[in-house]
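Below: one structure, written as structure tokens.
Computed from the coordinates by the stated procedures, all read-outs in this text should not be read as laboratory data. Fair warning: this is a prediction, and the values are worked out from it, not measured in the lab. Note that we place each Cβ from the backbone using ideal geometry, even for glycine, and neighbour counts take in every protein chain shown.
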């Protein structure tokens, strides 16, 4: 029996790929509801443009896989190539992007420096950097497509996993908060920001820390802002439904803080947005919410298992702000590993052992 | 008075306006960049081409999937939002001992010296609903309410509850954003009626009880009322001539008192499935499985659904009432709920409740089903037919809901995730309750702050 803890994008993607292999005995444990963690709280964008080579290389496999899945998913993932646009406010930023540009060109994902005025709706006359390869999708439609495919075959238990049972170096199952014991010889932790807490239960270091972030969405307007736009202290994009969605980047609050929002941050987001974008002076903020970035020490994800881990225990979590876009591909690699013991080279790269071997994958472009 | 129409978002079909409450679908729209209240300023939308959109097509048609980004341009959306012509609102923080949210009968009666009341409307339905009340005189009640308003004049603010924020409870008034911290709260935000489901329920001339009583009563004499509760009769009693239709298979929940009043006035009460409605000049025709009924207007008055989005946003749980198919909030030590916000629809009962003098028998007699569920309603009282519009903002029909239902999703939250239900301008203040009732779900969706669009 394979137990998957957490029915978010990663847990469901693994389940989906296990089902494709014809695996029968899989059970998912979900604390709240499908996608309750980061999967239903993100802003649904994908990109190739990361700070670290490892993440760019990973994206070069993961993003085409996400796009190719569009055909086989039950619901319409609404994939749209839109680009990312960075607004460069000072010389220092321009210098940084010159370096990034040559780094990205070397990995054949080069973008270009443009005048911000080329995007006529922007109120800023300065330098911008445009990465045309990136885009958007609909996170719920990917998440629920996976769920629809597995819901008839795999059981989902709505309960919280509180303990991982280990005997003579092998996992045996889990205990839940309602007192149930579920037996399994393989356990995959895909509990997002909560994954670190589960590692602690088996005396492993907790590599994942939540950082609360707020997001806001405006009233809808005719679709006119194609790229995700990243300014110095905030970012935003427009959905195909017409809402402008985004948040403030500066404030980082660590820990499992409640999913509330603040008025001051809403005011700040609205004010910044309206000063940069034309035609929306009178637009209203329709809704706000908060979620967690799931942060590892180097802001890159952890997948696979560690050298000294109990046999049968796996993890796939800690994607900071880019978990949703990698979920389809990571689910495939993880299913190969868990079911067939097939180890893609990326599994070694992103293994939790990198923290003890000092092979960090510093990711400084967290969006 | 003319009834406004608008062009819908996805089908680009002409929809008749139904509501008057701020924040509900199509009360306020953007015309040439300008925010316009189309209840006050009549607007007629016209559509050159209707689009045969549906969620199944969107998800399952390979061609539609390929051109999805282009479809965005077909939506009827504003091109711009002009600056709202008013000075910037100030932000003010206040602390109060006791706060009342809502300015209707129950809210006003809860006022005392230590209390601040913030309400969107001061004195509610009772000022407009001329139907009789048991044991009390309506005019006497209004007089007393007005006296109390005068006495506590400086304790009453006109404003809307926008939602809970880290800094406090946010209210918006004409000139300010107020962030309120309160030791105790009384929620008296009342309830509302919701547009039921049947073929062509989107056409002009189908309005809520609240809009009818406030704006249309004088002009439209012959009405067809949709509903199965006392407030359906009470709506009918406001018109010169009226017929009430309750949905086939639904057990009506009328009080003896109102049944007698209906009989005295010659109000017909019939059961029926609505097969279609048609509008011809100033008349509207309802075709049921049994007969054809003609009137000037259809007024829906199914049941008063308490404003649970407010209580939920404040952190209170709710439960589904299987007799009335309403969601009722549950209070705690710090937050008390009174009047229409519990589900009470009768002012007499509500007054007793506000004075802590309500007993179960009186409640059962004059507001059946609210204090005690006594029958289980198998069928949703909103279902007059098998098709029709469900979500006005996101322009979703029963067909779209059925797509999600067939996949095995049977609660508003997961149906929202598949169809976009409740994610539009009103943020689910109507459709989420309808789908909750249709699926008999114990849970709704997460009603997040802000509850109304905030323009900063």
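Observations
- Distance between the pseudo-spin-label points of residue A:311 and residue B:319 (7 Å out from Cα toward the beta carbon): 5.2 nm.
- Packing-based exposure ordering (other Cβ within 10 Å, fewest first) of B:254, A:46: B:254, A:46
- Entry note, region B:206-300: relative contact order of 33 percent, from Cα contacts under 8 Å with a spacing of 6+ residues.
- Spacing of the two label points (7 Å from each Cα toward its C-beta) at residue B:184 and residue B:357, in nm: 2.0 nm
- Three principal axis extents describe the C-alpha atoms of the protein assembly as shown; from largest down they are 86, 62, 56 Å.
- Spin-label proximity, residue B:271 to region B:231-250 - amide N less than 14 Å from point 7 Å beyond Cα toward beta carbon: B:245-250
- Fraction of antiparallel bridges per DSSP, chain A only, in percent to nearest 5: 70 percent
- Set of region B:54-98 residues, backbone N closer than 20 Å to the point 7 Å along the Cα-Cβ line of residue A:222: B:68-84
- As a length-normalised measure over Cα pairs under 8 Å and 6 or more apart, the relative contact order of region B:1-70 settles at 31 percent.
- Size of region B:391-446 as Cα extents on the principal axes (Å, biggest first): 27, 22, 16
- Rounded to the nearest 0.05, the FRET efficiency derived from the C-beta distance between residue B:294 and residue B:387 at R0 = 25 Å is 0.70.
- Shielding score for B:417-428, defined as the mean number of other chain Cβ atoms within 10 Å: 4
- Note on region B:206-300: antiparallel DSSP beta bridges, both residues inside, total approximately 35 percent of the bridges counted.
- Per-peptide packing, taken as the mean over residues of other Cβ atoms within 10 Å, places B:27-33, A:200-206, A:126-132, B:87-93 in the sequence A:126-132, B:27-33, A:200-206, B:87-93 from highest down.
- Principal axis extents of the Cα atoms in region B:206-300, from largest to smallest and rounded to whole angstrom, are 37, 30, 21.
- Span from the region A:80-144 Cα centroid across to the region A:289-350 one, whole angstrom: 27 Å
- Listed peptides A:72-79, A:299-306 appear in the order A:299-306, A:72-79 once ranked by packing, highest mean of other Cβ atoms within 10 Å at the front.
- Residue exposure sequence - B:435, A:157 - by fewest surrounding Cβ within 10 Å: A:157, B:435
- Computed per residue of the protein assembly as shown from DSSP H runs no shorter than four, each worth -39500 (n - 2.57), the mean residue ellipticity at 222 nm is -7000 deg cm²/dmol.
- Full-extension gain in nm, residue A:65 to residue A:89, via 0.36 nm per residue minus C-alpha separation: 5.2 nm
- Ranked packing of B:224-230, B:264-270, most packed first, by mean Cβ within 10 Å: B:224-230, B:264-270
- Distance histogram in 10 Å bins (all Cα pairs of chain A, percent per bin): 5, 25, 33, 24, 10, 3, 0
- In nm, spacing of pseudo-spin labels at residue A:348 and residue A:112 (7 Å Cα→C-beta vector): 4.0 nm
- The spacing between region B:252-317 and region A:247-288, judged by their C-alpha centroids, is 42 Å.
- When only Cα pairs below 8 angstrom with a gap of at least 6 residues are kept, chain B shows a relative contact order of 17 percent.
- At R0 = 35 Å, FRET efficiency that the Cβ-Cβ distance of residue A:252 and residue B:152 yields, to 0.05: 0.20
- Across peptide B:73-86, the average count of Cβ atoms from other chains found within 10 Å of a residue's Cβ is 5.
- DSSP beta bridges fully contained in chain B are about 45 percent antiparallel.
- P(r) histogram, all alpha-carbon pairs of chain B included - 10 Å bins from 0, percent: 4, 21, 32, 28, 13, 3, 0
- Shielding by partners - mean other protein chain Cβ count within 10 Å, residues of B:158-169: 3
- Two-site FRET efficiency, residue A:203 against residue A:358, from Cβ-Cβ distance with R₀ of 30 Å, rounded to 0.05: 0.85
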